Each structure stands twice: as structure tokens, then as C-alpha cells.
Amino acid sequence: MQPSLFDLELQVFTVSAITAYIRQKFEADRTLQDLWLEGETSNWKRAASGHIYFTLKDASASIRCVVWRSQANRLIYTPQQDGESVLAHGRISVYEAGGSYQFYVDDLEPVGQGDLYAKFERIKARLSAEGLFDPDRKQPLPVFPRRIGLVTSPDGAALRDILNVLRRRYPMAQVILSPTQVQGETAPSQIVAALEAVARQPVDVIIAARGGGSLEDLWAFNDEDLARAIAACPIPVISGVGHEVDFTITDFVADVRAPTPSAAAEIATPDRLELGRLLLAQQLGLVAGARQIVTSARSRVQAQQWALERVSPENQLNNYRQQIDTLLNRAERSLQHRLSLQRERVNNLVAQLATLDPRSTLRRGYAIVQKGQTVVTHTGQVGPGDAVTIQVSDGAFGATVQDKSRKTS
């Protein structure tokens with residue numbers, strides 16, 4: 001008799017739990033955690049995050065691969081196109097969110113070039129141990145180079161790219177080309193000679209450059225003698241070899257590593273348009289600063305002027321002048337008043353004198369009678385027949401007294 005389902009204790013997993021369980025199985029397998037795979041690359045893509053995603057396949061199967069950004073930046077070799085045969089090192093684990101297993105790659109080599117990579121690593125380790133890659137020995141680049149030395153092929157695309165960038169960014173710099181082969185058996189010694197030759201010129205910075213290529217194409221820039229020549233160069237050296245994903249020994253020993261020849265030209269020079277914007281901003285800043293200084297100085301001068309005006313004797317002199325004007329006005333008014341009073345008194349006296357003037361009496365019809373030189377004031381002074389002179393208002397005439405009579409009261 002078959003047992004009922006109700007009699008069994010079922011073990012039920014969630015999707016997340018079983019996926020995590022499978023991942024643990026993968027990661028517990030030592031073979032899967034230190035693995036070299038050979039295959040062809042396809043769908044190579046570098047994401048905006050810097051991680052690289054691609055597929056590794058052969059005639060019968062394929063596996064999804066991931067190179068984290070931290071590892072991608074250290075890759076010496078990267079495929080240039082789909083279908084390249086490579087050796088990939090890494091570990092296999094499960095991508096739980098997608099429910100798929102992936103190969104997490106930390107190193108890549110093209111098939112058949114393992115000896116070159118081993119040699120590269122030996123040279124790199126030896127020079128690093130000697131301190132040639134030490135950041136403390138790196139020379140700073142000049143901010144405004146007047147002369148730039150170029151160590152590159154006169155026929156390569158790298159030269160054209162560099163010159164185009166320099167004409168656009170910083171055309172005032174003079175370029176001194178030290179031509180050399182950049183590929184082949186004699187290239188390393190030629191590059192060393194070209195570097196030493198241009199270093200004897202009055203240059204401010206040197207760019208050693210060539211375009212991209214395979215590991216064999218770039219091998220001249222892995223030469224140990226060239227690395228030592230760059231380290232000994234008294235002029236700052238920028239290495240602009242290959243593409244962004246390519247690394248050579250010169251990249252590590254140079255004072256600055258540029259991902260491409262064009263980037264090397266950009267690193268070596270400032271942008272004249274940006275300089276123009278900076279100069280304009282500084283000019284505007286200087287004008288604003290000068291205006292602020294003038295405004296502040298004017299405010300201080302006005303404050304000092306106001307303070308001086310408060311203690312200036314001119315204010316007190318003006319007060320004294322006003323007091324003097326007030327006193328003068330008061331004195332003038334007093335004098336005018338006194339003159340008016342005196343004038344009125346004089347006029348009164350004149351009027352009084354006028355009333356006492358005999359001529360005034362004569363004009364009212366009275367007359368003055370004189371007997372000789374004596375004024376006749378009463379009848380007793382004359383008698384009948386006496387000659388008298390009668391003076392009226394407009395003259396005098398003679399007369400003879402006929403008779404006289406005395407006024408009785």
C-alpha cells in the first residue's frame with residue numbers, strides 16, 4: 001500500500017533558497033573556483049558602470065562571462081573583435097537574480113601568447129620592485145607648456161590625432177617631432193634614441209605615443225631599456241600607447257598614463273576655450289572686486305568726511321558768522337529806530353521853529369512896523385507924522401502915521 005501524501009513530510013524550497021543552495025554548491029567546488037577556460041569571445045560590451053559582459057563559446061556550448069570594473073581596469077589584453085580565441089581565468093558561480101551560472105573573469109590572454117604575457121609580468125614585477133613605478137618619483141606636468149616633444153611614428157594615425165587635438169586646444173604650443181619606428185625588432189632602441197634626442201631639446205613635456213594593436217604590435221613599449229630611459233628622462237613623459245584597454249610597461253613608468261594618443265595631447269595642454277572662460281571669469285571677478293574696493297573706500301571716505309565735518313571749525317565759524325549777522329541785523333534795526341526817533345524829533349523842532357518864524361505870521365496877514373530900526377510894538381512909540389516902514393509877507397513899504405489910538409481892554 002502506497003503511503004498517502006498526507007503521511008509524508010515534504011521539504012519545500014523557495015526559488016531564492018534553492019538558488020542560493022546551488023550557488024553554495026558551485027562555490028564549494030575548488031575546481032570551479034580556480035579555472036582556466038578556452039573559447040571564442042562574442043557580444044563583448046563594456047557597461048557605463050565599467051563592468052564588462054561577454055560570452056565565451058566553442059562549437060558545442062557557451063557561458064556568460066563578467067569582468068568587474070576593478071578587474072577590467074587591470075586587464076592587459078582585451079579582445080578587439082568578436083571571435084577571438086582567448087584563455088580566461090576566473091571562477092564560476094550563480095547569478096541568483098537571473099537564475100543562471102556565470103564565469104567571473106579576472107584575467108584574459110589570447111591563445112598562443114602566454115609566453116609574452118609571462119614575460120610582461122616578469123618585467124613589470126622587476127621594475128616595480130626597483131621602485132620605477134613609485135608615485136613619489138613622478139614628475140608634475142607643466143601647466144602651460146610652450147614646447148611639446150613627440151616620440152612617435154611620422155606616418156602613424158597617432159601623430160595626426162595628437163596634432164588635431166593640439167591645434168584645437170592649444171595652438172600656441174610648438175611641437176617638436178622626434179620620429180621613430182613604433183613596431184618591430186628595432187623599434188625599442190629607436191624609441192629610446194628618439195626620446196633621448198628630444199629630451200635634449202628645450203621642451204617642457206614629452207608624449208610617447210602610438211595607436212592600438214595586438215600585444216605583439218605594442219611590444220616595443222614593454223621594452224625594459226625603454227622603461228629605464230623614461231624613468232631617467234629629466235622631462236615629464238606622458239605615455240599614450242594603444243587604446244583605453246591596452247596597458248604597456250611605459251604606462252606604469254611614465255609620469256602620466258593616457259588611455260589614447262588623443263587623450264595624451266589633452267592631458268598635456270590646457271583648453272584655450274576653457275582658459276578664455278576662466279580669464280573672462282577672473283576679469284569679471286577683478287572688476288567686481290575693484291568696484292567693491294572703490295565702493296568700500298568711498299564709504300570710508302564719506303564716513304571720515306562726515307566725522308571731520310562734525311569736528312570741523314568751519315561749522316563753528318558758520319555759527320559765529322550767523323551770530324554776527326544776527327547782531328548786525330539787530331544793531332542796524334536799533335540804529336534805524338534811533339535815527340527814526342531823532343528824525344521825528346528834528347521834524348518836530350523844525351515844525352516848532354516854523355511856527356515861530358515871523359514870516360509865517362506875515363503870511364497870515366500880519367505886518368511888522370518899524371520906526372527906523374526899532375520894531376513898533378505899541379502905540380506909544382509913534383506919533384502922528386512919524387515915518388514908519390511896514391513889512392508884509394512879500395516885501396515892505398513906507399507909511400506916515402496919521403493918528404493913533406490905544407486899544408482898551
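Quick look at the values:
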item: Residue within region 12-32 that is within 30 Å of G212 (Cβ to Cβ) and either in contact with a strand residue (DSSP E or B) (Cβ under 6 Å, 6 or more places away or on another chain) or of a type in the set (A, V, I, L, M, F, W, C) (or both) present; result: no
item: Any hit, region 137-149, residues being of a type in the set (A, V, I, L, M, F, W, C) and either open to solvent by 80 Å² or more (accessible area, probe 1.4 Å) or more than 41 Å from the chain's Cα centre (by Cα) (or both); result: yes
item: All positions within region 160-187 that are assigned to a helix (DSSP H, G or I) and open to solvent by less than 20 Å² (accessible area, probe 1.4 Å); result: I162, V165, L166, A187
item: From G156, G131, residue being out of contact with any Asp or Glu (no Cβ under 7 Å at 6 or more places or on another chain) and free of Cβ contacts under 8 Å to residues at least 12 places away in the same chain; result: G131
item: Count - residues of region 73-98 that are small (G, A, S) and in contact (Cβ under 8 Å) with a residue 60 or more places away in the chain; result: 1
item: Leading residue by the ranking (farthest from K138 (Cα to Cα)) among those in region 257-274 that are aliphatic (A, V, I, L, M) and open to solvent by 40 Å² or more (accessible area, probe 1.4 Å); result: L273
item: Condition met for R200 (surrounded by fewer than 24 Cβ atoms within 10 Å (Cβ to Cβ), under 41 Å from the mean Cα position of the chain (by Cα) and among the basic types (K, R)); result: yes
item: Residue among V241, V253 that is surrounded by 14 or more Cβ atoms within 10 Å (Cβ to Cβ), without any contact (Cβ under 8 Å) to a residue 40 or more places away in the chain and over 16 Å from R147 (Cα atoms); result: V241
item: Only listed residue being part of a helix (DSSP H, G or I) and touching a residue at least 40 places away in the same chain (Cβ under 8 Å), chosen from L150, L116, L141; result: L116
item: Selection status of R228, of a type in the set (K, R), closer than 30 Å to A118 by Cβ, open to solvent by 30 Å² or more (accessible area, probe 1.4 Å) and in contact (Cβ under 8 Å) with a residue 24 or more places away in the chain; result: yes
item: Condition met for L108 (part of a loop (DSSP other than H, G, I, E, B), out of contact with any Asp or Glu (no Cβ under 6 Å at 6 or more places or on another chain) and open to solvent by less than 50 Å² (accessible area, probe 1.4 Å)); result: no
item: V182 being under 25 Å from N73 (Cβ atoms) and in contact with a strand residue (DSSP E or B) (Cβ under 6 Å, 6 or more places away or on another chain); result: yes
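Residues are listed down the side, and each one gets a yes or a no for (1) farther than 25 Å from I52 by Cα; (2) modelled with pLDDT of 95 or more:
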| position | (1), (2) |
| --- | --- |
| L218 | no, no |
| D223 | yes, no |
| I235 | yes, yes |
| F247 | no, no |
| I293 | yes, no |
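The values are calculated or read from the model by the stated rules, or taken from the named source; none is laboratory data. All values reported here derive from a predicted model rather than from experimental measurement. Cβ atoms come from the backbone with ideal geometry, glycine included; neighbour counts cover every protein chain shown. Heavy atoms of the whole protein, side chains included, go into the accessibility calculation; ligands, DNA and RNA do not. Shrake-Rupley method; radii C 1.70, N 1.55, O 1.52, S 1.80 Å.
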